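Colleague: One structure is given below, represented as structure tokens, and several questions about it will come after.
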Amino acid sequence: MSHTMDILTALKQAQRIAFAPFVFQATVSALRLGLLKTLHASDRPLPVSAVAERSGVSEYGVKVLLETLLVADVVSHDEDGYRLTKVGEVLLFNPMTEVNLNFTADVCYKGLAYLTDAVVTGTPSGLKELGPWPTIYPALSQLPEPARDSWFKFDHYYSDQVFNRCAGWIDRHLKPARLFDIGGNTGRFAGTCLQRMPYANVTIVDLPEQCQLARDNPDLAAVRDRLQTASVNWLDPDALPQTDTKADVIWMSQFLDCFSPEQAVSILRRAKQLLKPEGKIVILECLWDRQEHEAARLSIVCTSLYFTAIANGNSRFFTHPELLAIVKEAGLVVEETQDGLGISHTLLVCRSE
């Protein structure tokens, strides 16, 4: 299609790209100043003066923001004033759009200015906008607000959409007495499994800081007697967590995308050593080439730049063939693949060769 696009359409698209940061920031401002909510609350179009009076924003501020949103199709305008479009309603009411927008605004926006340097150096050059850490992972609990709140809401929104279904599948088909949750973060999946599977024990395997977050999580108090933690830094190529037993199931949810392909292979090879002979490694990932909807592909591909500029400097969301190659190189065989879990997830059930 791009080869047959006429020059005027191409110019329009190019200007949308050139001025995209302006449109984004105008949208964030209009949302946080209540302009979109003000328009929605009215059953008729509102002139600038009415929007200003009802929102408490100056007429100048209302005018400059709504004129920008007009050309972005967030609002429409006629002789009676402004009203929300369907795009504006999505921005105001769709939970996925809300977490995506706040994650971009509060966690990523400033750091993305360093994207070129991050690509050249292979380091998360933009992370310095949030704090003085080599990667974002050990610092998640220390992120400044509102970045910390927006990061966890982003992470939990996508996780919560799929964790119950995956825990149910594991309960029905694998029934593990011991499950290792590698990259378990604050323990949301561990808690889901322990509540659903009263016969199971779960060990969260993560960085020391994340293990402490899980131990301190009050939501896990009722299942604390069946929950353990084991600290490890997977970036150390020889590191293995110290555990008192091996696992029937090893669970990795959106974990391998936090590493380069070479690091992911190394982690899987070491993880195999933690498995019982008939154990399974269950991998949950967002694969941008397995998405049904263009909005999902766009979201996943763009989020890869968060890894590049802010999180670690060398990872991204994989395609399905890339993940299969990683699994194969690690000496694993995929027994089952399921798409359509949650919003955009694919589940791979693997065993040792």
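Each value in this text was obtained by applying a stated rule to the coordinates, not by laboratory testing. All values derive from a computational prediction rather than experimental measurement. Cβ coordinates were reconstructed from backbone atoms using ideal geometry, including for glycine residues, and neighbour counts include every protein chain displayed.
Colleague: Could you pull out the GluC sites (Glu not before Pro) across the range 44-147 that fall in loop regions by DSSP (anything but H, G, I, E, B) with no more than 10 other Cβ atoms inside 10 Å?
Modeller: Those that pass, being in a loop and sparsely packed, are 79.
Colleague: Still on this structure, please answer the following. Here is the link list: 276/328; 86/153; 175/272. Which ones come out longer than 22 Å on Cα distance?
Modeller: Pairs exceeding 22 Å: 86/153.
Colleague: Highest mean first, what order results for 235-243, 289-297 on Cβ atoms within 10 Å?
Modeller: 289-297, 235-243
Colleague: Quick one: compute the contact order of the range 20-164, relative version, from alpha carbon pairs under 8 angstrom and 6+ residues apart, as a percent.
Modeller: 17
Colleague: With axes computed from alpha carbons, what is the tilt in degrees of helix 147-173 against the longest principal axis of the chain, rounded to the nearest 10 within 0 to 90?
Modeller: 50
Colleague: Compute the longest continuous run of the chain that contains no exposed chymotrypsin sites (Phe, Trp or Tyr not before Pro); treat a site as exposed when its DSSP state is not H, G, I, E or B and it has at most 15 other Cβ atoms within 10 Å.
Modeller: 20-198
Colleague: Kindly rank 138-144, 26-32 from highest to lowest mean number of other beta carbons found within 10 Å of each residue. Don't skip to the answer; put the middle values down first.
Modeller: Working: 138-144: 15.0, 26-32: 19.6.
The packing order, highest mean first, is 26-32, 138-144.
Colleague: For the chain, find the longest principal axis of its Cα atoms and tell me its angle to the long axis of helix 320-329, 0 to 90°, nearest 10.
Modeller: Once rounded, the angle reads 20 degrees.
Colleague: Largest first and to the nearest Å, give the Cα extent of the chain along each principal axis.
Modeller: Result, largest extent first: 72, 50, 39 Å.
Colleague: Then there is this: Per the helix-only calculation at 222 nm, which mean residue ellipticity applies to the chain, given -39500 (n - 2.57) for every DSSP H run of n ≥ 4 and division by its residues, nearest 500 deg cm²/dmol? List each step's numbers first, then the result.
Modeller: Working: 14 runs with 157 residues, N = 353.
Helix-only estimate at 222 nm: -13500 deg cm²/dmol.
Colleague: Something else: Taking 8 Å as the Cα distance limit and 6 or more residues as the minimum spacing, I'd like the relative contact order of the range 111-352 as a percentage.
Modeller: 22
Colleague: Reachable aspartates and glutamates from residue 128, Cα under 17 Å, same-chain residues fewer than 8 places away excluded?
Modeller: Straight-line reach from residue 128, under 17 Å: 106, 117, 145.
Colleague: While we're looking at this one, here's another question. Of the trypsin sites (Lys or Arg not before Pro) in the range 184-269, which ones lie in a loop per DSSP and count no more than 16 other C-beta atoms within 10 Å?
Modeller: Those that pass, being in a loop and sparsely packed, are 246.
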